[in-house]
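To start, the structure under review is shown below, and the notes come after it.
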Amino acid sequence: MQNLLFNFNLLLAQTALEKKLTILYVSLFVFFLLMLILDSRGSQNWISNKTLKIIIVTFFILATVALIVLYFVL
């Protein structure tokens, strides 16, 4: 818990440029995950490994939530 609060404190201590870069990097990660999902669906070759599919969808959901939180908090 203390580590989480320390990391949140560091996030709030960022400069304006660092905050913009954080949002940019998270949004690029979401974009690349979305492209991975769309490419695999479009080529009719959806990921056959169920564990990998769950990991990719989970990363996409977590990254999207993080982007929304960062956008409205920063």
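The values are calculated or read from the model by the stated rules, or taken from the named source; none is laboratory data. Since we're looking at a predicted model, the values are computed, not measured. With ideal geometry, Cβ positions are generated from the backbone for all residues, glycine too; neighbour counts draw on all protein chains shown. Ligands, DNA and RNA are stripped out before the accessible areas are found, and what is left, the full protein with its side chains, is counted by its heavy atoms. Shrake-Rupley method; radii C 1.70, N 1.55, O 1.52, S 1.80 Å.
First compute the accessible area of the chain with a 1.4 Å probe, then give the percent of it belonging to carbon and sulfur atoms.
Of all accessible area on the chain, carbon and sulfur atoms account for 71 percent.
For the ranges 29-42, 6-19, what's the packing order if you count other beta-carbon atoms within 10 Å of each residue, average per peptide, and put the highest first?
Top to bottom by mean Cβ count within 10 Å: 29-42, 6-19.
For Cα extents along the principal axes in Å, the choices are (1) 45, 27, 15; (2) 71, 27, 18; (3) 41, 23, 16; which was calculated from the structure?
Entry (1).
Under the rule of -39500 (n - 2.57) per DSSP H run of 4 or more residues, summed and divided by the residues of the chain, what mean residue ellipticity at 222 nm is obtained, to the nearest 500 deg cm²/dmol?
-29000 deg cm²/dmol
I'd like to check one number: the per residue accessible area of the chain, probe 1.4 Å, reported in Å² as a whole number.
81
How large is ³J(HN,Hα), in whole Hz, for each residue of region 30-37 in order, when computed from phi with the Karplus curve 6.51 cos²θ - 1.76 cosθ + 1.60 and θ = phi - 60°, using x for Gly and Pro?
4, 4, 5, 5, 5, 5, 5, 5
Quick one: if you stick a label point 7 Å off each Cα along the C-beta vector at LYS53 and PHE31, how many nm between them?
2.8
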